[in-house]
1. May I ask you to list pairs of residues, at least six apart or on different chains, whose Cβ atoms are under 8 Å apart, with the first in the range 123-134 being touching a residue at least 24 places away in the same chain (Cβ under 8 Å) and the second being in a helix (DSSP H, G or I) and among the polar types (S, T, N, Q)?
2. Does the range 107-123 contain at least one residue that is of a type outside the set (Gly, Ala, Ser), farther than 15 Å from residue 134 by Cβ and outside any helix (DSSP H, G or I)?
3. Do we find a residue being at pLDDT 95 or above and either aromatic (Phe, Trp, Tyr) or assigned to a loop (DSSP other than H, G, I, E, B) (or both) anywhere in the range 47-58?
4. Output the qualifying pairs, or none if there are none: Cβ atoms under 8 angstrom, residues six or more apart or on different chains, first residue in the range 78-102 and in contact (Cβ under 8 Å) with a residue 12 or more places away in the chain, second residue of a type in the set (Gly, Ala, Ser) and in a loop (DSSP other than H, G, I, E, B).
5. May I ask you to list the residues in the range 139-154 that are among the basic types (Lys, Arg) and surrounded by 16 or more Cβ atoms within 10 Å (Cβ to Cβ)?
6. Taking the options 161, 157, 149, name whichever one is part of a helix (DSSP H, G or I) and either farther than 30 Å from residue 42 by Cα or in contact with a Cys (Cβ under 8 Å, 6 or more places away or on another chain) (or both).
7. Let me spell it out: the conditions are (1) at pLDDT 95 or above; (2) in contact with a helix residue (DSSP H, G or I) (Cβ under 9 Å, 6 or more places away or on another chain), and residue 191 meets all of them except one. Which number is the exception?
8. I need every pair where a residue in the range 219-230 that is at pLDDT 95 or above has its Cβ under 7 Å from the Cβ of a residue that is polar (S, T, N, Q), sequence separation at least 6 or different chains.
Amino acid sequence: MDSRIKMENSMNMIFFGPVSSFMRIDAESLLHILTFTKKHLIPISRTILIWDLITDGKTAAFLYSREYLALGPLLNFVPEEDLYYVNFGDKSVLSFFANHNLGLHSRKYGILAASYRRYYGDMWYEDSDYINELGYLICGFPAHIISKITPAVFKKIDVEIFKKLSLCSVNQTKTLYNLATHKNAYGKPYKWSSHEITKLDILFICVPKESISSIRLEAIPAISKHIMEMIHQDKLEYFTKQQILRMNPEARRMYIIRVQLRTSLDTSQIAKQDANAIKKSVPLALIYVFTLILK
């Protein structure tokens with residue numbers, strides 16, 4: 001415990017102590033410290049100083065993946081004009097940003113996307129090989145650019161890309177869903193098999209509520225717990241009894257939990273109820289689910 005406190009005090013001195021002391025740390029030591037340090041409390045002013053020390057007054061063009069790994073979410077606070085020069089010509093740098101969710105703001109991903117275009121041009125959406133390399137970076141491109149992906153190219157996009165859409169905006173996600181449901185891609189949701197649901201992953205949450213009941217029963221087990229966590233609350237009631245029964249156990253448990261939350265009393269109702277009434281209301285959600293299944 002004493003050594004841990006000593007370490008924390010040392011970190012405090014480094015990041016919150018005098019600037020003159022901080023300036024004595026060389027870039028390599030600083031990278032090592034950052035790699036093993038929680039970064040959320042580091043002040044923005046000190047972050048910019050860290051950036052200047054690591055880049056030695058240059059732009060991001062001279063950095064590699066190890067520097068970006070050490071900085072992590074601190075990249076949210078580095079100068080945008082510097083970040084524009086990230087060297088995506090280095091495949092290791094491209095792979096790093098494609099495969100690591102650094103918790104960056106959407107604007108930062110937009111800047112990284114602009115930097116990507118410096119190396120690979122504006123027609124990246126015409127080649128599935130380029131798209132498959134993007135990973136999380138695809139969420140840096142505007143929806144109107146993403147919409148230019150053709151159905152033929154869309155069908156060649158790897159499943160890993162669809163697993164990295166959590167950073168995309170609602171508009172970007174809906175744009176990708178519209179591409180998926182094109183007649184020359186995967187078609188409407190009622191045509192999807194378990195293969196399409198597994199591959200398209202998060203895009204399932206964009207399925208209109210009116211279309212949920214038309215999903216094939218044999219495809220239902222492919223709906224993951226993760227998707228059931230993210231799908232809009234109002235869409236839950238549109239799953240049929242047969243579909244609920246065909247869900248995989250983890251997804252069905254999440255479905256029941258969310259239905260329970262949906263049908264539970266809100267605070268205004270609780271204020272009007274006495275203790276006995278509230279106690280009786282607890283199993284109502286489960287009764288609702290079981291009634292739905294047993295109809």
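1. Correct list of pairs: 133/95.
2. no
3. no
4. 101/166
5. If the condition is that a residue be among the basic types (Lys, Arg) and surrounded by 16 or more Cβ atoms within 10 Å (Cβ to Cβ), then no residue fits.
6. From the options 161, 157, 149, the qualifying one is 161.
7. Going through (1) at pLDDT 95 or above; (2) in contact with a helix residue (DSSP H, G or I) (Cβ under 9 Å, 6 or more places away or on another chain) one by one, residue 191 breaks only (2).
8. Qualifying pairs under 7 Å: 219/193; 219/194; 220/243; 221/194; 221/248; 222/194; 222/198.
The values are calculated or read from the model by the stated rules, or taken from the named source; none is laboratory data. These figures come from a predicted structure and were not determined experimentally. Virtual Cβ from ideal backbone geometry, glycine too; neighbours counted across all protein chains shown.
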